[in-house]
Amino acid sequence: MFNLDFGAVLHGQYLDWLVSGAIQTMVLFAAAWLLAFLLAILLVVLRSLSIRPIDWCIAGYVNYHRNVPGLVQIFVWYFGVPELLPDSVTEMINASNSEFIFALIALTLNAAAYMSEDLRSGMRSIAKEQIEAARALGLSYSQAMRDVLLPQAIRVSVPPLINQSLSLFKTTSLAMAIGVAEMTYASRQIENETYRTFETFAIASAFYLLMSWTIMAVGAYYNSKHLNVKGR
């Protein structure tokens with residue numbers, strides 16, 4: 001009869017690995033989310049200029065990242081890009097946790113492609129008269145974009161952005177493929193040593209569930225707060 005023993009994986013170095021993996025996952029997610037959001041805003045602003053060459057380049061960027069599997073994108077950055085860099089740059093990156101750096105870049109670029117499309121949809125929902133009114137008040141294009149259009153587009157885009165945040169959080173597990181010691185990597189390492197498959201991955205599942213629920217709760221709180229303010 002199979003006996004569950006969570007204590008076998010929740011003590012000593014195994015517990016340390018789980019805690020370290022959880023922290024690594026949260027750091028990777030937070031850094032990738034922040035960078036992706038900032039990049040997404042930049043992409044939306046550039047596309048709003050309606051300059052065809054820029055629009056084509058960004059459209060190509062978005063299509064690539066939305067249609068190529070995330071794992072392949074991570075492999076491209078970890079195995080492919082270093083071959084294109086000077087040896088001195090590659091050595092410097094390798095000396096500074098290259099696995100984490102390349103995983104962060106790949107996840108950021110992937111998430112930014114999706115977020116930019118969500119923000120773009122939010123931008124399209126705003127009446128064109130608002131930009132005209134902002135310009136009539138003396139605001140420059142950049143000021144109107146920063147103070148009038150983008151804040152509204154972000155508020156409208158919160159639900160899909162929450163979905164993208166959840167997707168990004170779960171996608172961090174792909175970083176284990178190149179040796180990033182995040183939660184899935186740590187769980188796999190513990191399972192290999194203890195043979196406690198169910199207990200190990202049950203703990204990992206609980207962690208991912210808890211963090212996903214937290215992200216959804218933050219999104220729900222933001223929405224409810226925004227609706228209350230709007231209702232006043």
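The values are calculated or read from the model by the stated rules, or taken from the named source; none is laboratory data. Because the structure is a prediction, the values reported are computed rather than measured. Cβ placement follows ideal geometry from the backbone for every residue including glycine, while neighbour counts extend to all protein chains displayed. These accessible areas exclude ligands, DNA and RNA; they are computed on the full protein's heavy atoms, side chains included. Shrake-Rupley method; radii C 1.70, N 1.55, O 1.52, S 1.80 Å.
How large, in Å, is the stretch 119-177 by the Kirkwood hydrodynamic radius built from its alpha-carbon pairs? Provide the component values of the computation, followed by the final result.
Values: mean 1/r = 0.0762 Å⁻¹.
Roughly 13.1 Å, rounded to one decimal.
In 5 Å bins starting at 0, how do the alpha-carbon pair distances of the stretch 34-89 split up by percent?
4, 16, 17, 20, 19, 16, 7, 1
Given a Förster radius of 25 Å and the C-beta distance between Asn94 and Asn63 as r, what FRET efficiency does 1/(1 + (r/R0)^6) yield to the nearest 0.05? Walk me through the numbers before you get to the answer.
On the way: r = 31 Å, r/R0 = 1.25.
Given R0 = 25 Å and the Cβ-Cβ separation, E is 0.20.
Excluding Met211 itself, calculate the net charge of residues whose Cβ lies under 15 Å from the Cβ of Met211, where each Lys or Arg counts +1 and each Asp or Glu counts -1.
0
Taking the Cβ of Phe201 as the center, what net charge do the other residues with Cβ under 15 Å away carry, scoring Lys and Arg +1 and Asp and Glu -1? Please list the in-between numbers first.
On the way: positive: Lys170, Arg188, Arg196; negative: Asp5, Glu182, Glu191, Glu193, Glu199.
Value of the local net charge: -2.
With a sphere of radius 15 Å drawn around the Cβ of Ala181, what net charge do the other residues whose Cβ falls strictly inside it have (Lys, Arg +1; Asp, Glu -1)?
Once positives and negatives cancel, what remains is -4.
Restricting everything to alpha-carbon atoms, can you work out Rg to Rh for the chain with a Kirkwood hydrodynamic radius?
The Rg/Rh ratio comes out at 1.06.
In the stretch 42-124, what is the volume of the convex hull around the alpha carbon atoms, normalised per residue and reported in Å³?
Taking only Cα atoms, the stretch 42-124 has a hull volume of 105 Å³ per residue.
Assuming a viscosity of 0.692 mPa s and a temperature of 37 °C, what translational diffusion coefficient in µm² per second does Stokes-Einstein assign to the stretch 1-80, Rh being the Kirkwood radius over Cα pairs?
Translational diffusion coefficient: 199 µm²/s.
For a quick check, take a GNM of the chain with Cα springs below 10 Å and name the residue from Ala206, Ala106, Ala36 with the largest mean-square fluctuation.
Result for the chain, Cα springs under 10 Å: Ala206 fluctuates most.
Taking the inverse of the average 1/r across all pairs of different Cα atoms in the stretch 101-228, what Kirkwood radius in Å do you get?
17.4 Å
From the protein chains alone at 1.4 Å, what is the descending order of accessible area for His11, His65, largest first?
Values: His11 95, His65 15 Å².
I get His11, His65, largest accessible area first.
Label-point separation (nm) for Lys170 and Leu4, each offset 7 Å from Cα along Cα-to-Cβ?
Once both label points are built, they end up 2.3 nm from each other.
Taking amide H positions as placed in the peptide plane 1.01 Å from N, state which residues far from Asn97 in sequence (5 or more) or on other chains have amide H under 5 Å from it.
So Asn97 has HN proximity to no qualifying residue.
When the Karplus curve 6.51 cos²θ - 1.76 cosθ + 1.60 is applied with θ = phi - 60°, which whole-Hz ³J(HN,Hα) does each residue of the stretch 104-116 get, with x for Gly and Pro?
4, 4, 4, 5, 5, 5, 5, 5, 4, 4, 6, 5, 5
Once you mark the chymotrypsin sites (Phe, Trp or Tyr not before Pro) that are in a DSSP loop and have at most 13 other Cβ atoms within 10 Å, what is the longest gap between them in the chain?
Numbers: sites that count: Phe2, Tyr195.
Longest stretch, sites excluded: 3-194.
Ordering Thr214, Thr90 by accessible area with a probe of 1.4 Å, largest first, what comes out?
Order by accessible area, largest first: Thr214, Thr90.
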